[in-house]
Amino acid sequence: MIAILFLNHYKKWLREKVLTLIQYCITHKSWWDSVDSIATNVLGHYMKTYPHHIHPTTEKWLESNNIWLQRSILLFQLKYKTNTNLSILFNSILFLKDSKEFFIQKAIGWALREYSKVDSEKVIQFVESTDLAPLSKRESLKWIKSK
């Protein structure tokens, strides 16, 4: 937990080689609260700072079969708003949409719900054209339905 607090506090000074430490923090003694904090704050900042790591990391972590690395890929853009790379988001969701893991399905819905605050039409189109699990679909449309 101390490493997570340290990474979050000093994220602006993180060097490129710290990705290994980020991955370690995500995969050791993992639970949704620590993983979500690392993914949305530390990993999100890291990927903005070192965008050339986005594609190789996304590919590697999606294929890892580690639900916490996969969840992190779904969530690292959560605060990007208009800077969200939809290709990465949608392709990651398509790769993971058949997962039986609750934490993956919930993250799919959360990522789409957050992006729906930027472009609700794109999210509606994606949800309608993709065979998502009921939990992911429900979570993704929550904000749109409450408007």
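Values quoted throughout were computed directly from the atomic coordinates according to the rules given, and no laboratory measurement underlies them. Just so it is clear, the structure is predicted and the values come from calculations on it, not from any experiment. Cβ: placed from backbone, ideal geometry, glycine included. Neighbour counts: every protein chain shown.
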Problem set entry | Ranked list, fewest to most other Cβ atoms within 10 Å of each Cβ, for 36, 119, 131 | 131, 119, 36
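Under a point-charge model restricted to the Cβ atoms of Lys and Arg (+1) and Asp and Glu (-1), what is the dipole moment magnitude of the stretch 2-146 relative to its Cα centre, in debye to the nearest 20? Before the final figure, lay out each step's value.
Numbers: 20 positive and 13 negative charges, 87 e Å.
Its charge dipole is roughly 420 debye.
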Seminar exercise, completed: With the label point 7 Å along the Cα-to-beta-carbon line of residue 16 and a cut-off under 18 Å to each amide N, the hits in the stretch 54-72 are 54-58
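If you rank 53, 28 by fewest surrounding Cβ atoms within 10 Å, what's the result?
Values: 53 14, 28 10.
Result, fewest neighbours first: 28, 53.
For residue 49 and residue 31 in the same chain, what is the full-extension length gain: residue separation times 0.36 nm, less their Cα-Cα distance, in nm? Working shown, then result.
Working: separation 18, 0.36 × 18 = 6.48 nm, distance 2.56 nm.
Contour length minus Cα-Cα distance gives 3.9 nm.
Classify the stretch 97-141 from the C-alpha gyration tensor, please: rounded if a/c falls under 1.5, else prolate or oblate depending on whether a/b exceeds b/c. Before the final figure, lay out the partial values.
Numbers: a/c = 2.67, a/b = 1.54, b/c = 1.73.
It is oblate, given that a/c is not under 1.5 and a/b is not larger than b/c.
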Problem set entry | Residues 76, 102, sorted so that the one with the fewest Cβ neighbours within 10 Å comes first | 102, 76
Exercise. For Cα extents along the principal axes in Å, the listed values are (1) 57, 33, 28; (2) 40, 37, 25; (3) 40, 30, 26; which was obtained by calculation from the structure presented?
Worked result: (3)
Problem set entry | residue 63 versus residue 138: modelled label distance in nm, points set 7 Å from Cα along the beta carbon direction | 3.4
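Which of the residue pairs 17/142; 29/106; 97/117; 79/137; 48/106 have a Cα-Cα distance greater than 30 Å in the structure shown? Display every interim value, and only then the final one.
Working: 17/142 38 Å; 29/106 20 Å; 97/117 21 Å; 79/137 20 Å; 48/106 24 Å.
Listed pairs above 30 Å: 17/142.
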